[in-house]
Structures are given as structure tokens and as C-alpha cells.
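Asker: Encoded as C-alpha cells, here's the structure I'll be asking about.
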Amino acid sequence: MKKVIFSFAILISTLGHRVSAQAPAIPPPPQFDPEVVALVDKAKAQMEAGDYEGANRTFRKALATKQVLPTSMSYFFAKTLYVIHQNQNAKNFVEKYLQLAGRSGDYYEEAITLKKLIDDQFEAIKNCEYCNLSGYRYVVCDNCNGLGVTVETCYNCNGNGYVTCPKCLGKGVLITTTPFGELLYTSCDLCDSKGYIVCPVCHGEKELSGRCPVCLGSGKKVSNIICNHLPEQK
């Protein structure tokens, strides 16, 4: 009986040793570059102070180090970008955070709320006729005063409406030489002996009109004003 108990104890000890040997080691927490840590901490402090533009610049410096970055930075950067109305970038980074951290992430609930805010903003922008897809307000094009076309002095006649006759070179007559060496003068049939013709570019209108090169004919251009999605911008 003692021999059986002793053998069973050895078996349990052996199995325990095998399980312990096969258990995966818990990886140590990631070690981040001190410069990255300092930059992320600085950016978060700027966010707390309400300086989101400064936080944006600091986060971008952290990205430029090309070092491994804390997963949580994706969330904080997304929040910063949302506040300064860089919605597409904000959407990219909050989705990256959710992908990397999942439900176990420290800011999972906050990230879900932020993602909904961003999606709602995109929906408002998509349905707004007063701004572009980035959410910036349209204003009247100052190059064409909202007409969509510009009027300029004709480049060919310099606003005269007429140009020198290209056939007689402004002389009104055509000079040819006969086989006997005599000069023969005939009236220019292109300009009726006037020496000039109606400008073939502007057709005598002295001006040229065309699609505005700034607004491409729309009569409006994008401003740096964040749209409120209402007829009147306040």
C-alpha cells in the first residue's frame, strides 16, 4: 500500500512539473523609448490644458520618432484630432485603438463614445450643402464674385477688338511682282483694304469670359471656417 501511495505521489509531482514547464511565460510589459513617453505625457498635459493644437503637434512628433508607441496614444490622438475637426484622421486612429486594445483596453468605453461622435459628425457633413466633406464652410468665391465665370481683357487684341491683318500686314494692299519685274498692287480681300480685321479670339468683344479658375465655375470656395450645418453661419 505504501508503495502505491509513493508511486502516485511521484506521478502527481511529475505531471505538475510538466504543466509548469509547458505554461507560457507572461511577457513583461513593453518598454517604450523615453523620448516617446515624454512626448505622449506632454501631449496629454496639453490636452488637459485645452491646447489641442499643441497636443496635435506633439503627438505628431511622437509619430515621427518611428519608435513603438503606447496603444493608448491612438485614443488620445483620435480625441485631439476630433476636437480640432480633423474627423477622418480621428476616425482612423480611434478605430486603430479599438482594433489593438479591444474590449480590454483601458479606454474602450470612451473610444466607443468617441467613435459615435465622429460618425455622427460625418453624417451631418454628408447631408450638409454648406460645407465640403471635411466640414469646412463654403463662401462666395472672391475671384468671380460668385458668378462662376471671369471676364478678362482679350489677350490677342489687348482689348481693342481688332488686330492687324495677317495677310497684308496692315498695309491694306497686296504687293506682288509680275514676271517682268513690275510691282502689282491689289486690294487686300481679307480686310477690305482696311489693314485690320476683327479679332478672331474675342470676335470684337474686347473681353474674354470663361470658367473661374479658382472655384471651377461653382461660384464658391472652401474657407477655413468649421461649418455649423445651418443656413446662417454664426
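Asker: For segment 76-99, indicate whether the set of residues that are part of a helix (DSSP H, G or I), among the small types (Gly, Ala, Ser) and not assigned by TED's automatic domain parsing to the domain that holds Cys199 is non-empty. Please lay out each step first, then the result.
Answerer: Taking segment 76-99 as the starting set, the residues that turn out to be part of a helix (DSSP H, G or I) are 76-83, 87-99.
Now narrow it down to the ones that are among the small types (Gly, Ala, Ser): 78, 90.
Pick out the ones that are also not assigned by TED's automatic domain parsing to the domain that holds Cys199 and you get 78, 90.
Yes, that holds for at least one residue.
Asker: Only residues that are more than 12 Å from Gly135 (Cβ to Cβ), surrounded by 20 or more Cβ atoms within 10 Å (Cβ to Cβ) and not hydrophobic (A, V, I, L, M, F, W, C): list them for segment 80-109, please.
Answerer: Matches in segment 80-109: Thr80, Tyr97, Tyr107.
Asker: Having 3 or more residues that are of a type outside the set (Ser, Thr, Tyr) is the bar; report the strands (runs of 3 or more DSSP E) wholly within segment 121-211 that clear it. Spell out the reasoning first.
Answerer: Values: elements: 136-140, 149-153, 162-164, 173-177, 183-187, 196-198, 207-211.
It comes to 136-140, 149-153, 173-177, 207-211.
For (1) surrounded by 15 or more Cβ atoms within 10 Å (Cβ to Cβ); (2) of a type outside the set (Asp, Glu), each residue gets a yes or a no:
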position	(1), (2)
Ala111	yes, yes
Lys115	yes, yes
Ser134	no, yes
Gly148	yes, yes
Glu182	no, no
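Asker: Also: For segment 86-95, indicate whether the set of residues that are of a type in the set (Gly, Ala, Ser) and under 21 Å from the mean Cα position of the chain (by Cα) is non-empty.
Answerer: Step one: of segment 86-95, the residues of a type in the set (Gly, Ala, Ser) are 90.
After this cut, where a residue has to be under 21 Å from the mean Cα position of the chain (by Cα) as well, the list is 90.
So far as segment 86-95 goes, yes, one or more of its residues are of a type in the set (Gly, Ala, Ser) and under 21 Å from the mean Cα position of the chain (by Cα).
Asker: Every residue in segment 100-118 that is assigned to a helix (DSSP H, G or I) and in contact (Cβ under 8 Å) with a residue 24 or more places away in the chain, please. Give the derivation first.
Answerer: Here is the first cut: in segment 100-118, the residues assigned to a helix (DSSP H, G or I) are 100-104, 108-118.
Within segment 100-118, Leu100, Ala101, Glu110, Ala111, Leu114, Lys115, Leu117, Ile118 qualify.
Asker: Look through segment 47-79, keep the residues that are closer than 21 Å to Asp33 by Cβ and among the basic types (Lys, Arg), and return whichever of them is surrounded by the fewest Cβ atoms within 10 Å (Cβ to Cβ).
Answerer: Selected residue: Lys66.
The values are calculated or read from the model by the stated rules, or taken from the named source; none is laboratory data. Since this is a predicted model, take the numbers as computed values, not measurements. Note that we place each Cβ from the backbone using ideal geometry, even for glycine, and neighbour counts take in every protein chain shown.
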